[in-house]
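Just below is one structure, and these are the notes that go with it.
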Amino acid sequence: MLHALGLPVLLLVLWGLVATRTTSRFFPDPVTIADAFVDTWIGPAFVEDVLPSLARLGLGVAASIVLGVAAGTVIGLTPWLRELLEPLLEFLRAVPPPVLIPVMMILLGITDTMKVVVIVSGAVWPILLNTIEGVRGIDSVLTQTARSFRVTWWERLWFLVLPAASPRIMAGVRQALSVALILMVISEMFASSAGLGYRIAYFQRNYLIAEMWSGILLLGGVGVLLAVVFGLVERRVLRWYHGIREVNRA
């Protein structure tokens, strides 16, 4: 724990030392940023900007998980469908989600739905592709054994396919969280009158530098919180997988 905190503390000390030796107003010291953080985000801005952003982020991630796992399982289990869709999937995956924001604005308007769709358009791909590969990589012996014992399709899906693919699925979810956070900010910077992304862009345009840095600090904190929560969920969902790895290491 001390090792994990040591580097951030050292970086803050270095930042403070450099800030005291520069006259640039674009590089405020940590104390000024901390004061701006309290004044900016501890109050109405938390309800008006932070909570709506987190709600859109949560909806986008949840929709990406449902769509990615469902579609990835179907595609992974159907060889002919996988071969048919592979060129299209590769093309769509290569399209940067931010360039879809003008299209989404035209189709859906400047709404919360548009922002959630932008998040899903980028966050779904790591989950979808990892699910496909996880399902494809299931040991054929296990599948044939399940069929020989006449295990129903739903039982194979629930007790064999999804558990076997879950390590790859969770790896995709981890990547999707980072993508979703980035797209949440970008969508709010381009088309919004509230939210974390909008507020940070507003501070930048009005030269409120300390407030801008405080927003960046808040985004970093959200990212850390997401990583911690995901780590706890992953340990619970994949406890059997980590147990096997620990046994093999021993």
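The values are calculated or read from the model by the stated rules, or taken from the named source; none is laboratory data. Everything numeric in this text was worked out from a predicted model, so none of it was measured. Positions of Cβ are backbone-derived with ideal geometry, glycine not excepted, and every protein chain shown enters the neighbour counts. Side chains are part of the model used for accessible areas, which takes the heavy atoms of the whole protein and leaves out ligands, DNA and RNA. Shrake-Rupley method; radii C 1.70, N 1.55, O 1.52, S 1.80 Å.
If you go through region 118-173 and keep only what is open to solvent by 10 Å² or more (accessible area, probe 1.4 Å), among the hydroxyl-bearing types (S, T, Y) and touching a residue at least 24 places away in the same chain (Cβ under 8 Å), you end up with S121, S166.
A Cβ distance below 7 Å, combined with a sequence gap of six or more or placement on separate chains, defines the contacts here; from region 83-104, residues that are among the charged types (D, E, K, R) and surrounded by fewer than 16 Cβ atoms within 10 Å (Cβ to Cβ) reach residues that are modelled with pLDDT of 85 or more and assigned to a helix (DSSP H, G or I) in the pairs R93/W125.
Of everything in region 204-228 that is open to solvent by less than 50 Å² (accessible area, probe 1.4 Å) and small (G, A, S), the residue that is nearest to R25 (Cα to Cα) is A210. Out of all the residues in region 200-216, which are part of a helix (DSSP H, G or I) and either in contact with a Pro (Cβ under 7 Å, 6 or more places away or on another chain) or within 18 Å of T32 (Cα to Cα) (or both)? If the condition is that a residue be part of a helix (DSSP H, G or I) and either in contact with a Pro (Cβ under 7 Å, 6 or more places away or on another chain) or within 18 Å of T32 (Cα to Cα) (or both), then I200, F203, Q204, I209, A210, E211, M212, W213, S214, G215, I216 are the ones that fit.
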